[in-house]
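Written below as structure tokens is the structure these notes are about.
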Amino acid sequence: MKVVITCGLLLLLALAARTQTPQMYYQSGGDKFLVKEGSKLDLKTHATGFTGDYTDKKQAVKDLQTNVERLHELQDVLYAHDTYSLLIIFQAMDAAGKDGAIEHVMSGVNPQGCQVVSFKQPSTDERDHDYLWRCQKALPERGKIGIFNRSHYEEVLVVRVHPEILQSSQLPADVKNDKNIWKKRFEHIRDWEQHLVENGTQILKFFLNVSKDEQKQRFLSRINEPEKNWKFAMGDVKERGHWDEYMKAYTEALSATSTKAAPWYVIPADKKWFTRLAVSEIIVKKLESMDLHYPVVTEAHKVELAEAKKLLEAES
């Protein structure tokens, strides 16, 4: 317990020393980017190029490193505490920077305590189960951080934009043709996430909000730079043609499923360095709010430790 308190004091000193800090945007749990439960989201009011008071990328990178180090400390306590897990969900349009955010924010985490699952087109086995099944079986165990790179939300995003996917599924006809299917799926998701939280899996959800112009530049970069060619697929451009439909789907999904227990954050994504900083800040704040602590050593265990110490010191 003393170790955790000491780390917390060191973090406060480090934050106080910052000349520029993202703290002002997260004083109430990330209110600047939080989609409040019951509110109607308007993505047009969320500036994709927002960087707060940051004009210097170097300062943001420095502050990100502070958060990465703090995250490493908190993950160790999360693992030892073995009561909670943390599920972090990333959703975004192509080229918004999900992979880079995961790489940089989690760069200091012990790989043994973290798992990343990328959800792509469902397999035959996955299609033969309900749409939450593949995510249910990929949940992090207690003490660990789980990251979903895309998630069950694809079933109310890409499936909604492309109704032929729903019609080709093995669902009963009355389900596929239900005019209220999206409303019902939002209810399923809220109930499922509430169930997870009540059983120890804390949830954070990030929508990386990239502009259409910035996506275009990133696509061109993938085409023009040979070492990035592998990242580009023609399907990316085809999906871009559905931009407005996706924005409508995201707006409704985030509004309907952002709850106090499992909140959505709309993170500006045109400046990758700020995206990573903002995400790291919210994750650190969440872990600090979870009242994590190292297990209390029993008196019997202390006696065993003392005996073990004597034996080891007595060795020739």
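The values are calculated or read from the model by the stated rules, or taken from the named source; none is laboratory data. This structure is a prediction, so every number in the text was calculated from the model and none was measured. Cβ coordinates were reconstructed from backbone atoms using ideal geometry, including for glycine residues, and neighbour counts include every protein chain displayed.
Considering the conditions (1) farther than 27 Å from VAL210 by Cα; (2) surrounded by 17 or more Cβ atoms within 10 Å (Cβ to Cβ); (3) more than 14 Å from the chain's Cα centre (by Cα), GLN136 is excluded by exactly one of them, (2).
Selection of segment 40-58 for residues being assigned to a helix (DSSP H, G or I), β-branched (Val, Ile, Thr) and in contact (Cβ under 8 Å) with a residue 24 or more places away in the chain yields an empty set. The single residue among GLU239, GLU193, GLU225 that is under 25 Å from the mean Cα position of the chain (by Cα) and over 24 Å from VAL284 (Cα atoms) turns out to be GLU239.
Selection over segment 170-211 of residues that are in contact (Cβ under 8 Å) with a residue 40 or more places away in the chain, part of a loop (DSSP other than H, G, I, E, B) and more than 24 Å from THR83 (Cβ to Cβ) gives a count of 3. Within segment 291-299, is there a residue that is at pLDDT 95 or above and in contact with a Lys or Arg (Cβ under 7 Å, 6 or more places away or on another chain)? Checked segment 291-299: no residue is at pLDDT 95 or above and in contact with a Lys or Arg (Cβ under 7 Å, 6 or more places away or on another chain). I'd like the full set of residues that are aliphatic (A, V, I, L, M), in contact with a Phe, Trp or Tyr (Cβ under 7 Å, 6 or more places away or on another chain) and more than 15 Å from PHE148 (Cβ to Cβ), limited to segment 87-129. Within segment 87-129, MET93, ALA95 meet the criteria. For segment 173-190, the candidate set comprises residues that are surrounded by 11 or more Cβ atoms within 10 Å (Cβ to Cβ), more than 19 Å from the chain's Cα centre (by Cα) and of a type in the set (D, E, K, R); within that set, the residue that is nearest to LYS285 (Cα to Cα) is GLU187. In segment 147-165 there is at least one residue that is without any contact (Cβ under 8 Å) to a residue 24 or more places away in the chain and among the charged types (D, E, K, R).
Checking ARG127, ARG142 one by one, the residue that is without any contact (Cβ under 8 Å) to a residue 60 or more places away in the chain and surrounded by fewer than 17 Cβ atoms within 10 Å (Cβ to Cβ) is ARG127 and no other. Scan segment 279-307 and report the pairs whose first residue is closer than 30 Å to LEU208 by Cα and whose second residue is part of a helix (DSSP H, G or I) and aromatic (Phe, Trp, Tyr), with Cβ atoms within less than 9 Å and a gap of 6+ or a chain change. Within 9 Å, the pairs are GLU281/TYR25. Looking at VAL303, VAL266, just one residue is outside any loop (DSSP other than H, G, I, E, B), aliphatic (A, V, I, L, M) and surrounded by 13 or more Cβ atoms within 10 Å (Cβ to Cβ), and that residue is VAL266. Taking segment 59-148 and the helices (runs of 4 or more DSSP H) fully enclosed by it, the elements with 3 or more residues that are over 21 Å from THR201 (Cα atoms) are at 98-105, 124-127.
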